[in-house]
Amino acid sequence: MSTNTQSNWQAHVAAQLATLTPILSKRGYTLAEQQPHTGGERFLMKNLTTTSGDKLILYGNDAGGKPVVIKATCDHAGRQELLHERQCRALLQNIDFAYSSFATPAELDFFTDSGYTITVQQYIDQTSTFLERPLEQQFAFALQALKTQASARITTNSHLRKVRSTFGIRTGADYLRLIRAFVAALEHKQADRSAIDTVQQVQDRLVDQQERIEQYGGFLTHTDFVPHNFRIAGDTMYLLDWSSLEFGNKHESWARFLNFMTLYNPELETLLITYVEQNRAPEERESLQLMRLYRLSELITYYTNTLQNSEGNLLALNQARVQFWRDVLLAELQNKRVERDVVAAYKTTRDQLRSAGEKERQKNLH
């Protein structure tokens, strides 16, 4: 249950920090007293569709007192993720079929010590969070970032050879494999029948629309494109998470971003959808809708998987999350937005059930 799982995570973090502190000190780095990325519901997080390792993301200062971000791991998969992220950054700066690229925080240090792989990066200070900015700015930054991703597309075998050893590449068949895995996982977990049936509808839709999914395949996309994975300084957006980049359907990152904005800024969600409807081909709008259905199914499956490690308020919260995202998915299956009162009711429940630690963690995410 969650108490044991959370306790194990907290003990793991404490042991890791006790080991890392002197390692970092030798190179002139000190850790901040508060580490928001290790608390709250962090112990539950595990990606469904990508391989992620066990790593800590920490705040600290260098020898001169400047703030830095430290990523550290002694886990094999975590080490591979850090190396993969470096490879992605390097390759995207140099491939000849990407017409623009993201800015990235400077890497200040990269080293191994006592079984740990550690990267230290520039901390990007921002005067306001993405969601605190005016709606027009949010729209402009989001649209430009989504266009930047779409500026890289695999169209030749030469392109494929350059990126396939570094980036994941998802085809229409891969999306079908994943949605079928979601249905199987929900059935295995004996999820609510309505959730299983709703995701099954998505599976049927994706089977019928393989041609549309493939039509917009081969684009660079970010599977976790949400505000906590980028920061804005001046007029520049810095991408923080390079490990979630892959080549797949153009609209997968759009879908992740829009699903996030269903909760946090529905006005921006509407603006972006309207932009696609007014400025892109109808087929592109169809592709976007298919990816939203797929990513919403992933959310339902993700939160269903957390139930076995939850109890008390957290169990009630994750059950509410499954129900809420099913409601959002039901609306999207009809190409409608979920009713605002449904969103408001869910947010009230969420805020009542969230732990103090998770509320603190969320303040530092967006």
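Key figures for this structure:
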{"item": "Gyration tensor verdict on the stretch 265-322 (Cα atoms; rounded if a/c is under 1.5, prolate if a/b is larger than b/c, oblate otherwise)", "result": "oblate"}
{"item": "The chain: relative contact order in percent, alpha carbon pairs under 8 Å with at least 6 residues between", "result": "18"}
{"item": "Cβ-based exposure ranking for MET291, MET261, in which fewest neighbours within 10 Å come first", "result": "MET261, MET291"}
{"item": "Centroid-to-centroid separation of the stretch 170-190 and the stretch 130-165 [C-alpha atoms, Å]", "result": "26"}
{"item": "Around ALA331: net Lys/Arg minus Asp/Glu count, Cβ-Cβ under 15 Å", "result": "+2"}
{"item": "Extension gain, ASP109 back to GLU267 (0.36 nm per residue minus Cα-Cα distance, nm)", "result": "52.9 nm"}
{"item": "Segment ALA344-ILE57, extension gain: residue separation times 0.36 nm, minus the distance between their alpha carbons", "result": "100.2 nm"}
{"item": "Fewest-first sequence of LEU56, LEU263 by Cβ atoms within 10 Å of each Cβ", "result": "LEU263, LEU56"}
{"item": "Magnitude of the charge dipole, the chain, Cβ model with Lys/Arg +1 and Asp/Glu -1, debye to 20", "result": "360"}
{"item": "222 nm mean residue ellipticity, helices alone, for the chain (DSSP H n ≥ 4; -39,500 (n - 2.57); rounded to 500)", "result": "-18000 deg cm²/dmol"}
{"item": "Candidate lysines for bridging to LYS71, where Cα separation is under 26 Å - those fewer than 8 sequence places away on the same chain excluded", "result": "LYS26, LYS46, LYS55, LYS359, LYS363"}
{"item": "Net lengthening on full extension, LEU240/ASN94 (0.36 nm per residue, minus Cα-Cα)", "result": "50.7 nm"}
{"item": "From the coordinates shown, semi-axes √(5λ) of the Cα gyration tensor in Å corresponds to which of (1) 32, 26, 20; (2) 36, 24, 21; (3) 55, 25, 17", "result": "(1)"}
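Here, each number is a calculation from the coordinates, and none is a lab measurement. Just so we're clear, the structure is a prediction, and the values are computed from it rather than from any experiment. Here Cβ is always computed from backbone atoms with ideal geometry, including for glycine, and neighbour counts include all displayed protein chains.
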